[in-house]
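The values are calculated or read from the model by the stated rules, or taken from the named source; none is laboratory data. This structure is a prediction, so every number in the text was calculated from the model and none was measured. Methodologically, a virtual Cβ is constructed for each residue, glycine included, from the backbone with ideal geometry; neighbour enumeration extends over all protein chains shown.
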Amino acid sequence: MLSHCAKRTNRRLVAPILIRKNHGQAPGSPQSSSRTTSFGFRTVPEDTKESLVKDVFDSVASKYDLMNDASSLGVHRLWKDTFVSTLRPGRKGPIRCIDVAGGTGDIALRILDHAREEYADRETTVEVVDINAQMLGEGFKRFKKTMYHNTPQVSFHEANAQELPPSQFRDNSYDLYTIAFGIRNCTSIPAVLKEAYRVLKPGGTFACLEFSKVNNPLLSTLYDQYSFSVIPLLGTILAGDRDSYQYLVESIRKFPCQSEFAGMIRDAGFATGGDHDGGAWTDQWGGVACIHTGVKV
């Protein structure tokens, strides 16, 4: 268990997809031009990260699920299943969910399936939000094959997690906010958490699935070797894009460790469990991935 850790260096397309663009501060604005952030292991001006990340996901969108399967040997599916099942959507009746950075729709589909299969709930809704239109397109294609296509249970929206348009995403509106493997790609994690707190109802749940810090030294060494040698190679072979997958590996190493991120969630106003595995967070596979939850009070 960890108590602390060192820092590590509205145009409608096809119903029900709704595209609303709100991508935050304009590049080159005086307030943002002098500030920097990480893009993998690179330090870049804050106002350029959004476009750099967009380029990455434009490049990998069509191969995203295939690459996730190849790079994790399919284990990401187990983590996502666990993530949704621990939230038990539908257990207390229909809920309104927002799934942010959820373009491919795999978390949204799991939420709706869980509510229907476990609790006979066909009224829970999920609004899928992503900054990348191509990723949303992949999610829409996935849902066209399901019973939820063209129903009020799912909709897709293009918007920035750091600045959700208040007219569309109102204060105190959602029972559940999910974000899976997406928050580390955002320029400002505190801004994302602030927006999550704003749109959730009092008593609503924030839930994040993200790569994290591996605690076992041997596993950590093996994980690093695999990540930096195999994953970029798979990116080259399967997606023809080594650089994007090199960035994704590096971005994992720059993300705050478990206790740091739990502190950020509390700083945004959420109540969490204690600073240990099984409290504020639950490690998956020794910390390769991690589930963080908080409740709006």
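Yes or no, residue by residue, for (1) over 28 Å from Leu66 (Cα atoms); (2) in contact with a Cys (Cβ under 7 Å, 6 or more places away or on another chain); (3) of a type outside the set (Asp, Glu); (4) in a helix (DSSP H, G or I):
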| position | (1), (2), (3), (4) |
| --- | --- |
| Ala207 | no, no, yes, no |
| Ser220 | no, no, yes, yes |
| Tyr226 | no, no, yes, yes |
| Leu233 | no, no, yes, yes |
| Asp243 | no, no, no, yes |
| Ser259 | yes, yes, yes, yes |
| Asp275 | yes, no, no, no |
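The single residue among Ile131, Ile98 that is within 25 Å of Pro202 (Cα to Cα) and under 18 Å from the mean Cα position of the chain (by Cα) turns out to be Ile98. Might you check whether a residue that is under 22 Å from Thr43 (Cβ atoms), in contact with a Gly (Cβ under 9 Å, 6 or more places away or on another chain) and hydroxyl-bearing (Ser, Thr, Tyr) occurs anywhere in region 180-187? Among the residues of region 180-187, at least one is under 22 Å from Thr43 (Cβ atoms), in contact with a Gly (Cβ under 9 Å, 6 or more places away or on another chain) and hydroxyl-bearing (Ser, Thr, Tyr), which makes the answer yes. Taken over region 181-204, residues that are in a helix (DSSP H, G or I) and of a type outside the set (D, E, K, R) amount to 10.
Within region 63-86, residues that are small (Gly, Ala, Ser) sit with their Cβ atoms under 7 Å from residues that are at pLDDT 95 or above, at 6+ positions apart or across chains, in these pairs: Ser85/His114.
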